[in-house]
Amino acid sequence: MSNVVTKPTAKAKPKLERPKLYKVILVNDDFTPRDFVVMILKSEFRMTEEQAYKVMLTAHQRGVCVVAVFTKDIAETKATRATDAGRAKGYPLLFTTEPEE
């Protein structure tokens, strides 16, 4: 019989942090047609007609509206694509991002 003693080794698991989230914000302007804003919200943010209309109306009434919350890369990509779609049609449509608190 051997006198070898084995001890289990504890493996340290790295602690993963959740990525910081960023808000995508729709900024109201007086030139972009409401129907176009609703179309962009539906296509880029996969909203229903009703959801998109409510977000557009909130931005219209309050000046800005949080559209959605994503990780930084996704939020910036969606905001850029939505803004670029407006610019391509000649509208001053603007989506911005900011860190969620």
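List of remarks:
- Residue check, Tyr53 touching a Pro at 6+ places or on another chain (Cβ under 9 Å), modelled with pLDDT of 95 or more and closer than 14 Å to Leu26 by Cα: no
- Within segment 8-40, the set of residues being of a type in the set (Ser, Thr, Tyr) and either exposed (fewer than 13 other Cβ atoms within 10 Å of the Cβ) or within 12 Å of Leu57 (Cα to Cα) (or both) comprises Thr9 only.
- Test: residue in segment 47-64 that is surrounded by fewer than 16 Cβ atoms within 10 Å (Cβ to Cβ) and either in contact with a Cys (Cβ under 6 Å, 6 or more places away or on another chain) or touching a residue at least 40 places away in the same chain (Cβ under 8 Å) (or both): no
- Residue check for Ala85: more than 20 Å from Glu98 (Cβ to Cβ) and either at pLDDT 95 or above or polar (S, T, N, Q) (or both): yes
- Taking first residues from segment 73-90 that are closer than 15 Å to Leu41 by Cβ and partners that are of a type in the set (Lys, Arg), the Cβ contacts under 9 Å between residues at least 6 apart in sequence or on separate chains come to Ala75/Lys23.
- Sole residue being closer than 22 Å to Glu100 by Cα and among the β-branched types (Val, Ile, Thr), chosen from Val38, Val64, Val5: Val64
The values are calculated or read from the model by the stated rules, or taken from the named source; none is laboratory data. Keep in mind the model is a prediction, meaning the values are calculated, not measured. Using ideal geometry, Cβ is built from the backbone for each residue, glycine included, and neighbour counts are taken over all protein chains shown.
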